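The values are calculated or read from the model by the stated rules, or taken from the named source; none is laboratory data. Owing to the predicted nature of the structure, the values given are computational and were not obtained by experimental measurement. Positions of Cβ are generated from backbone atoms using ideal geometry, with glycine treated the same way; all protein chains shown enter the neighbour counts. Ligands, DNA and RNA are stripped out before the accessible areas are found, and what is left, the full protein with its side chains, is counted by its heavy atoms. Shrake-Rupley method; radii C 1.70, N 1.55, O 1.52, S 1.80 Å.
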Amino acid sequence: MTIARQLAKLGVDVIEAGFPASSDGEFQATKKILDEVGDQVEVLGLARANRRDIERGIDAGLSSIHVFIATSEIHMKYKLKMSREEVLNTIYENVSYAKSHGLTVEFSPEDATRSEEDFLMTAVRTAIDAGADRINVPDTVGVMTPFTFYDLIKKLTTVTKDKTISVHCHNDFGLATANSIAGVAAGARQVHVTVNGIGERAGNASLEEVVMALKKLMGYEVNIKPWLLYETSKLVSELSGIPVPYFKAIVGENAFGHEAGIHVHGVIENPLTYEPMSPEEVGNFRRLALGKHSGIHGLRRVLKDQGIEINDEGKLKELLREIKKRADTGEKITPELAKSLALKLMNN
Ligand SMILES: CC(=O)SCCNC(=O)CCNC(=O)[C@H](O)C(C)(C)COP(=O)(O)OP(=O)(O)OC[C@H]1O[C@@H](n2cnc3c(N)ncnc32)[C@H](O)[C@@H]1OP(=O)(O)O
Ligand SMILES: CC(C)C(=O)C(=O)O
């Protein structure tokens, strides 16, 4: 599986390969990913807290399984139609069952962040008593802020103690990355992420954003090879058919794009004036654009990059005025257009 091989090359620790009980296709895909990269990364299968799902994971050859069941009142009442006691019993029975088959078990109290806190702690403690190896904390509908999530993870560490805490954040309010790094600050040492942040609804925490924020803003050591982030993003976008937003952080086409004259001038003098990291660090590219916000320094550089040097300041300013006039009408100013206008001006 191309994406799985790329993720292994990128340096991820764990790949959640699929939901084997979901369909034969998912079952086969999970098996194939396990065969492809199981010797390089931990390959996990998702399973509801029921024996059939766990058994399908075992049948797929997995040695790690991610067992989940909801612990929020709304999910227990309307989805599971189970009492708190029934959920706790289901957690214990199924985590124990998975452990009895020698599996590494990651347990998720689904909708944890909307669960009544004491019950959530009891559910987590129950999973640990049943042998769970890791506890993943899903903000299933993305209702946390970095502040509330930090507090919740901090409290959970008093229950999980030396067990690894994982965080799984959704982006419904655009806070998935911020919440993920807050979870790490509070003690989480595994983060669920997806390439380009793809996922249900508004998606999940973006791998590239979480990795670079942890490294550059918080000074954490992360195994990921950041210079492969852009190519990984492109691969997943192409194979999934889900485009990467133009302004997407880290891997967007405009993530290192500069048009405003003051910015372009600063970047030409020293990229650190307007770049918190270099595009090369993540395998992306710097783009100097021309438009209604351009300045003379930017115009001179775009022309120079195409082998054109106009030493006459007057002519250069005249060209900039022409470019701004065209851009004001909505015309896209490509480097090629700037070059042809420059040559026309130089030969008048
Ligand atoms: C928050 C998340 O993202 S969780 C992961 C979501 N991923 C998926 O759903 C993967 C794709 N899903 C599927 O292929 C199907 O939903 C299956 C195969 C898992 C189940 O399909 P179906 O048997 O048709 O059930 P359906 O999806 O309609 O309903 C879910 C059933 O699972 C039960 N269930 C849901 N979550 C859990 C859980 N964590 N533990 C135990 N049972 C659960 C529900 O109560 C419901 O049970 P019911 O059929 O007895 O009423
Ligand atoms: C299964 C769990 C981790 C999940 O996907 C969610 O709650 O969002």
Restricting the search to the stretch 1-21, which residues are assigned to a loop (DSSP other than H, G, I, E, B) and either surrounded by fewer than 16 Cβ atoms within 10 Å (Cβ to Cβ) or within 19 Å of the chain's Cα centre (by Cα) (or both)?
GLY11, VAL12, ASP13
When every residue in the stretch 117-140 that is under 18 Å from HIS168 (Cα atoms) and of a type in the set (Asp, Glu) is compared, the one surrounded by the fewest Cβ atoms within 10 Å (Cβ to Cβ) is GLU117
One residue is enough: does the stretch 103-115 have a residue meeting the conditions of a type in the set (D, E, K, R), open to solvent by less than 30 Å² (accessible area, probe 1.4 Å), out of contact with any helix residue (DSSP H, G or I) (no Cβ under 8 Å at 6 or more places or on another chain) and closer than 28 Å to LYS154 by Cβ?
yes
Residue identified as of a type outside the set (S, T, N, Q) and under 23 Å from GLU42 (Cβ atoms) among GLY219, GLY187, GLY241:
GLY187
From GLY266, GLY257, residue being among the small types (Gly, Ala, Ser), in contact with a helix residue (DSSP H, G or I) (Cβ under 6 Å, 6 or more places away or on another chain), more than 30 Å from ALA186 (Cβ to Cβ) and buried (at least 16 other Cβ atoms within 10 Å of the Cβ):
GLY266
Please name all residue pairs, on different chains or six or more residues apart, with Cβ atoms under 6 Å, provided the first residue is in the stretch 1-29 and is in contact (Cβ under 8 Å) with a residue 40 or more places away in the chain and the second residue is among the basic types (Lys, Arg) and open to solvent by less than 70 Å² (accessible area, probe 1.4 Å).
PRO20/ARG56
Failed condition for ALA186, given (1) within 16 Å of ligand 2 (Cβ to nearest atom); (2) open to solvent by less than 10 Å² (accessible area, probe 1.4 Å):
(1)
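Is it the case, given these coordinates, that LEU156 is closer than 19 Å to GLU106 by Cβ and more than 15 Å from ligand 2 (Cβ to nearest atom)?
Considered against the rule, which asks whether it is closer than 19 Å to GLU106 by Cβ and more than 15 Å from ligand 2 (Cβ to nearest atom), LEU156 comes out as no.
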Quick test of your reading of the structure: ILE181 fulfils all but one of (1) open to solvent by 20 Å² or more (accessible area, probe 1.4 Å); (2) closer than 18 Å to GLU110 by Cα. Name the failing condition by number.
(2)
